[in-house]
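The values are calculated or read from the model by the stated rules, or taken from the named source; none is laboratory data. Computed from a predicted model, the values in this text were never measured in an experiment. Every residue, glycine as well, gets a Cβ built from its backbone with ideal geometry; the counts of neighbours run over all protein chains shown.
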Amino acid sequence: MSNGEQWRGRTVLVTGIGGFVGSGLAEELLRRGAHVVGILRDSPGVQLLQHRAIHDRIDIVRGSIAEPGLAERAINEYSVDTVFHLAAQAIVTVANANPVSTFESNILGTWQVLEGARRSPTVTRVVVASSDKAYGNQAILPYTEETTLEGIYPYDASKVCTDVLARCYATSFGLPVAVVRCANIYGPGDLNWNRLIPGTIRSVLEGTDPLIRSDGSLERDYLYLGDAVEAYLAVASHLPDVSGEAFNFGTELPVSVLEVVQRIVAVSGVSGVRPRVLGVANNEIDSQSLASGKAATRLGWKPAVDLDEGLRRSIEWYQQYLERTRAEVTA
């Protein structure tokens, strides 16, 4: 059975469907013939689903993922077969300012989803989003799946807990669940302007100097949205065989924040802008990169889009989005 055919007719729950990764995954699942159900808390997520033109092709369950019984109700009422748990408070600065809401969403929300799946007679597989941030600061890079999880800052610690809970349910209760640890995901649809790449692209396209919160030296591994979506689908396709396991997904090519901003300026072709380095970021890991050899060997996954091509595609999308938004405002 091909990867596309295996999704046809299946009912899939995507938590965090209003986020740019969740909505991108939902869009691809629809393309492959799945029936998609999403859990959505806030109205901005609806706007992104509308921009992807999929809002009227999915079923939405409204509420917070941390709400007791919500995930279980969604799973049972729609007879869900596969769960992709992506819902999370994912902004580091928000986690630093308000750790409790981050812990509620990322930790409590995870066990609500896992418990709902455990109690369901229809769920055959669960894929849980962890993060490269769960590894924390390490002396040896790139991270492998055997690297210990040492994330200690609020967001990072919440993802350590998410990761451990998922593998706990696999080992203790036989739930067919696996963990995805992605590098920094970027691409069309990310409307959180506080993130480096969308914020920089918007600034450059508007002709203003992009701001760098750190000193510009932080190194990250950047993964294009389409490659991340394929990563989630690859893991799900190999369940239950890989139950209880975690997989890294990245390019193994860490790039400094300053270089990313410079590449965006170069790819955009916009002149007269230059990055402003603020040096005010805190609770940030110095350098990160992921070894993806296990994913290549076990799942047949490899990234298909390099950073410059991914930035080019992203800039085109944001240019169209910003033009459309301006037109709607002036109409």
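Show me the helices (runs of 4 or more DSSP H) found entirely inside the range 138-256 where at least 1 residues are under 18 Å from residue 93 (Cα atoms).
Filter on the range 138-256 gives 154-173, 196-205.
Consider only pairs whose beta carbons are under 8 Å apart and that are at least six residues apart or on different chains; among these, list those whose first residue lies in the range 262-278 and is of a type in the set (Val, Ile, Thr) and whose second residue is assigned to a loop (DSSP other than H, G, I, E, B) and surrounded by fewer than 17 Cβ atoms within 10 Å (Cβ to Cβ).
Matching pairs, first to second residue: 265/274; 270/207; 273/207; 273/208; 273/209; 277/215.
With respect to residue 107, determine if the residue is under 26 Å from residue 237 (Cβ atoms) and in contact with a helix residue (DSSP H, G or I) (Cβ under 7 Å, 6 or more places away or on another chain).
For residue 107, the condition - under 26 Å from residue 237 (Cβ atoms) and in contact with a helix residue (DSSP H, G or I) (Cβ under 7 Å, 6 or more places away or on another chain) - is not met.
Residues are listed down the side, and each one gets a yes or a no for (1) more than 30 Å from residue 269 (Cβ to Cβ); (2) in contact with a Phe, Trp or Tyr (Cβ under 8 Å, 6 or more places away or on another chain); (3) in contact (Cβ under 8 Å) with a residue 60 or more places away in the chain:
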| site | (1), (2), (3) |
| --- | --- |
| 172 | yes, no, no |
| 190 | no, yes, yes |
| 194 | no, no, yes |
| 197 | no, yes, yes |
| 200 | no, no, yes |
| 214 | no, no, yes |
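Does residue 195 satisfy being surrounded by fewer than 22 Cβ atoms within 10 Å (Cβ to Cβ), more than 25 Å from residue 7 (Cβ to Cβ) and among the charged types (D, E, K, R)?
yes
Tell me which residues, restricted to the range 10-41, are more than 19 Å from the chain's Cα centre (by Cα) and at pLDDT below 95.
none
Can you tell me which residue among 329, 273 is over 20 Å from residue 192 (Cα atoms), at pLDDT below 95 and not in a strand (DSSP E or B)?
It is 273.
Look through the range 286-325, keep the residues that are of a type in the set (Ser, Thr, Tyr) and over 18 Å from residue 179 (Cα atoms), and return whichever of them is surrounded by the fewest Cβ atoms within 10 Å (Cβ to Cβ).
325
Among the candidates 294, 302, which residue alone is touching an Asp or Glu at 6+ places or on another chain (Cβ under 9 Å), in a helix (DSSP H, G or I) and of a type in the set (Lys, Arg)?
294 is the lone residue from the list that is touching an Asp or Glu at 6+ places or on another chain (Cβ under 9 Å), in a helix (DSSP H, G or I) and of a type in the set (Lys, Arg).
Is it the case that the range 72-89 has a residue that's under 19 Å from the mean Cα position of the chain (by Cα) and over 20 Å from residue 178 (Cβ atoms)?
Yes, the range 72-89 contains a residue that is under 19 Å from the mean Cα position of the chain (by Cα) and over 20 Å from residue 178 (Cβ atoms).
Checking residue 253 against (1) touching a Gly at 6+ places or on another chain (Cβ under 9 Å); (2) in contact (Cβ under 8 Å) with a residue 12 or more places away in the chain; (3) not polar (S, T, N, Q), which test does it fail?
So residue 253 meets the others, but not (1).
How many of the residues in the range 42-55 are at pLDDT 90 or above and either under 18 Å from residue 74 (Cα atoms) or under 18 Å from the mean Cα position of the chain (by Cα) (or both)?
Here the count works out to 1.
Please state which one of 38, 33 is of a type outside the set (D, E, K, R), free of Cβ contacts under 8 Å to residues at least 40 places away in the same chain and crowded, with 24+ Cβ neighbours inside 10 Å.
Only one candidate passes the filter, namely 38.
Scan the range 123-137 for residues that are among the hydroxyl-bearing types (Ser, Thr, Tyr), crowded, with 18+ Cβ neighbours inside 10 Å and in a loop (DSSP other than H, G, I, E, B) and jot them down.
130, 131
How many residues are touching a Phe, Trp or Tyr at 6+ places or on another chain (Cβ under 8 Å) and among the β-branched types (Val, Ile, Thr) if we restrict to the range 216-242?
Total satisfying the criteria: 1.
Residue by residue through the range 95-110, note down the ones that are β-branched (Val, Ile, Thr), crowded, with 21+ Cβ neighbours inside 10 Å and either more than 17 Å from the chain's Cα centre (by Cα) or more than 14 Å from residue 156 (Cα to Cα) (or both).
Listed by number, the list holds a single entry, 110.
Please find, within the range 161-179, the residue that is nearest to residue 100 (Cα to Cα) out of those that are surrounded by fewer than 23 Cβ atoms within 10 Å (Cβ to Cβ) and β-branched (Val, Ile, Thr).
Taking the candidates together, the pick is 164.
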